[in-house]
1. Please sort 321-328, 202-209 by packing, taking for each peptide the average over its residues of neighbouring beta carbons within 10 angstrom, highest first.
2. Kindly work out what percent of the DSSP beta bridges joining two residues of the range 207-359 are antiparallel, to the nearest 5.
3. Tell me the Kirkwood hydrodynamic radius of the range 194-272 in angstroms, computed as one over the mean inverse distance between distinct C-alpha pairs.
4. Take peptides 185-191, 245-251 and line them up by average Cβ neighbours within 10 Å, highest first, as a rough protection proxy.
5. Using r as the Cβ-Cβ distance of Asp40 and Arg376, and R0 as 45 Å, what FRET efficiency do you calculate, to the nearest 0.05?
6. About the Cα centre of the chain, how large is the charge dipole given +1 on each Lys and Arg Cβ and -1 on each Asp and Glu Cβ? Please answer in debye to the nearest 20.
7. As I understand it, the dipole of the range 204-345 uses +1 on the Cβ of Lys and Arg and -1 on the Cβ of Asp and Glu, about the Cα centre. Which of Gly236, Gly288, Leu248 lies farthest toward its positive end?
8. Measure of size requested: the Rg and Dmax of the range 49-189, with Cα atoms as the atom set and Å as the unit; please supply both.
Amino acid sequence: MPKSKSGLTTEIELIDFDADFFKTHLVQLGRAMRYIPIQDHVRLILSEPKNEIMVNFPVKMDDGKYKLFKGYRIQHNNILGPYKGGIRFHHEVTLGEVKALASIMTYKCSLLDIPFGGAKGGIALTPSEHSISEIENITRRFTHTLGNNIGPEYDIPAPDVGTNAQIMVWMMDTYMNIQNAAHKNAQRAIVTGKSITSGGSLGRAKATGQGVVFAIQEWAKENNFELKGSTFAVQGFGNVGSNAAKILNKLGAKCVAVQDHTGSIVNLEGLDGLELTAHVKEIGGVSGFKEQKAASADDFWSVECDIFIPAALELQITKEVAEQLKCRLVAEGANGPTTLAGEKAMLKKNIEVIPDLMANAGGVVVSYFEWVQNKRSERWKEEEIDEKLLYLMQKAYREMRTLAKEKNIDNRTAAYAVALNRINESYVERGVFP
């Protein structure tokens, strides 16, 4: 595999890293670097995270026994602002996965032009195997162990797969209580995605799903496509997938298929997003919804629809899956859901892709709004937040599409190139100290 001077893989055609998320990311990044005048030292800096923090910490379980957990916090880059990124609780959390996610956050923040860098963290565990009290203890111990490796002006965590507003509140409370009492309340911005009561922002819970829909709406305007009466399918029905489905339903679009870890359901007459969300909250998955007959994975992937939204985990759309898809647009609600070969197959079928950097950026944008509100001790109206989010999503979409047309490249490469150019300019202006 040919590599650049920085070690970044630059050729997509020769090999497909279907099982390696970080290498897949490096290939995508390397492709974008061909289209901007990026400095060699910037390539070198961006090829690896600035900091890779790995901790092992004991937690007392409900049965009185101790269990050792492995946690990660990867800080990729902070040239544009404090490190920013989610905390993931999932049994498949690995160093390579978190490195890739942290890197993606750097470029996502740059693309949306918000003053944050990229980070990501996680603990290798299965949340469903633990009680609420155990999850709280794990969260608090992890936060305490990270200590000064995070901070409201340095590195700001947020929810991700397997975590939620309550977990962010526990992180915040733990961090606040290890600070000087006189400055305790100034630390509220240590995390975003908190509950409203504990300093969260209106509109944050739906933000990633809302951003997905805003991106789809921009694509629809560009292509003279009518969303009312259109059809869509969603993989993953957690926070992102469910909110995207509910918002699209309000716009008159019809959900015809959903898949999650419990199975797949297909109904060409339409699935109600609100009712399905309530079912998932009660049961834990989409299986059994209104006695809906279970569908096979092949039935799900091959369902005819206008828009497909992957909103689960990374590397789900492989070459084999892409060849089954019968849609016009893929809007990536998840981070890194598409393999290199999968994307190549979709482009060959003229399926347009709104990449994760663009499509799911709503979460980090509204996290930025929450951070600002905390620092100013303000509370913004939800309408104001939606308006500000729409503006930034539209601006980034236009920049991505302008470069894609100018260079005759795909949207993902264009999105990375726009983000890289902004980072490169900052390094050129500031230099590398000393």
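Just so you know, all these numbers are worked out from the coordinates, no wet-lab data involved. Predicted model only: the values in this text are computed from it and were never measured. Glycine also receives a Cβ, built like all others from the backbone with ideal geometry; neighbour counts cover every protein chain displayed.
1. Details: 321-328: 18.4, 202-209: 24.2.
Highest-to-lowest ranking by the protection proxy: 202-209, 321-328.
2. Details: 7 of 23 bridges.
The antiparallel proportion sits near 30 percent.
3. Working: mean 1/r = 0.0742 Å⁻¹.
It is 13.5 Å.
4. Values: 185-191: 21.4, 245-251: 19.1.
Result, highest mean Cβ count within 10 Å first: 185-191, 245-251.
5. Details: r = 40 Å, r/R0 = 0.89.
It comes out at approximately 0.65.
6. On the way: 51 positive and 52 negative charges, 220 e Å.
Here the chain has a charge dipole of around 1060 debye.
7. Among Gly236, Gly288, Leu248, the one farthest towards the positive end of the dipole of the range 204-345 is Leu248.
8. Taking only Cα atoms of the range 49-189, I get Rg and Dmax of 14.7, 48 Å.
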